[in-house]
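Below is one structure, written out as structure tokens; comments come after it.
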Amino acid sequence: MDTPTFKNVFKIIKFNFSLMGIPSNKSMLTLKFFFLVSSVVLMLVEEVSFFVKKMAPENFLELTILAPCICVGLLSVLKIIPVALHRSTVFDLADELNSLSTKILIDPKKNNGIKRDIMMLRKLIKYYFILNLLLISVYNFSTPFYILYHYIMTREEIFFLPYAVVVPFSTETWLNWFIVYLHSIFCGFICVLFFTTVDGLYFILTSYLCSLFAVLSKDTQELSNINDNALNEIVKRHRHVLKLADDLELIFTLPNFFNVMVGAVEICVLGLTLMIGDWGDIPGCLLFLSSVLLQIFMISVFGEKLITESTKISDSAYLCKWYEMNSRSKNTILLLMIRAQKPQRLSANKFSVICLKGFCKIISNSWSYFTILRTVYYKE
């Protein structure tokens, strides 16, 4: 099976951008984008209004169940807006990665070196979108079945909504309920579209950048005393890839920050709901918690991979035949090693580094918030 090109892997992101109203020609954002963001913001206002209205000790459990939904909606908006504002940088970076990866695919030896990672990336993107689409579909469309089941068992009509909201009219009639229900599930799908697109974009750009570092590392290791021009070319390529890594940091530093902060709160609240909630809440909370943990973990894995691949160049420079080179080339190799020893990192707005150690820190912070909330709950 041939290695997928960057365009083949990236096309789902371009399609989602077009659905959201983010043009690929770097022109102004369309009205569609502002309409979708406004719809989600309106939903957030309705949910927060319910949260404020019900804020009382006796409603503590109900509010903890609602909090993750608010967090997801808030996170989806906070992630898509920085990406939309940096859309020019996104598409410029995508064009550069497409050009550089195309050159790699032409060389069979280099192609084989990155083929496995690219194949796994395409599968990950595919199943990540499918999984989140299935989860939101089950959550949104289970409401009518629950209403029907309740009516069959009790002969009582209930106007249950998938998300707890406050609206300026009664939802105790089928027409009003149906309007609010359509608005709710529409916003649910938009939220998933927002955050899965940002995550998918992060996976693709980071993975291809890691591939460039990996190929550069292998080329560096194969340097010999007769390749002075090749050494200069590697230094130029290294600078160029570092510049691309800086662009990647610029795009995702704010989305990563919101992931870290909001994700910690989500894990904390879901953990508390599992501990004090009813048995009927457990399946939904477990699915929700698994989704949040998986998303943060995958972001951390790709961040860790970028750190690893960017520092491998230093080892590769040491393993090349530098001892056969002239003094000038040896000095160049030394400077390359010194620069490559500083890992290229993705950060959460300089707040923390996106890596496996950072993932453990998020879990630790979530546990701290959890113990505080548990103490407050039992004091009540």
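Throughout, read-outs are computed from the coordinates displayed, never taken from laboratory work. These numbers come from a predicted model, not from an experiment. Cβ placement follows ideal geometry from the backbone for every residue including glycine, while neighbour counts extend to all protein chains displayed.
Brief remarks follow.
- Take every pair of alpha-carbon atoms less than 8 Å apart whose residues are at least six positions apart; their mean separation over the length of segment 6-379 yields a relative contact order of 21 percent.
- Charge dipole (the chain, unit charges on Cβ, about Cα centre) - positive-most of 245, 257, 341: 341
- Farthest positive-ward along segment 6-379 dipole, Cα basis, beta-carbon charges - from 327, 120, 165: 327
- Cα gyration tensor shape for segment 73-166, rounded if a/c is under 1.5, else prolate or oblate: oblate
- Total charge dipole magnitude, segment 6-379, about the Cα centre, Cβ charges on Lys, Arg, Asp, Glu only, Debye to nearest 20: 1400
- Selected from 320, 268, 355 as most flexible by GNM, with the chain as the system and alpha-carbon contacts under 10 Å: 320
- Here residue 54 is the anchor, and the lysines within straight C-alpha reach of less than 20 Å, apart from those fewer than 8 places off in the same chain, are 379.
- Across 201, 93, 85, mean-square fluctuation computed from a Gaussian network of the chain (C-alpha pairs under 10 Å connected) peaks at 85.
- Shape of segment 156-239, Cα gyration tensor, a/c cut at 1.5: prolate
- Gyration tensor (Cα) of segment 234-339, equivalent ellipsoid semi-axes in angstrom: 47, 14, 8
- The base-10 log of I(q)/I(0) for the chain, evaluated at q = 0.12, 0.13, 0.15 Å⁻¹, reads -0.96, -1.08, -1.32 [Debye formula, identical scatterers on Cα atoms, solvent excluded].
- Pairs from the table (32/103; 305/342; 79/305; 11/103; 53/350) lying more than 26 angstrom apart at Cα are 32/103; 53/350.
- Helix-only CD estimate at 222 nm, as mean residue ellipticity for the chain, using -39500 (n - 2.57) per DSSP H run (n ≥ 4): -29000 deg cm²/dmol
- For residue 344, the residues whose modelled amide H falls within less than 5 Å of its own, excluding neighbours fewer than 5 places apart on the same chain, are 310, 311.
- Among 20, 261, 28, the largest mean-square fluctuation in a Gaussian network model of the chain (Cα springs under 10 Å) belongs to 28.
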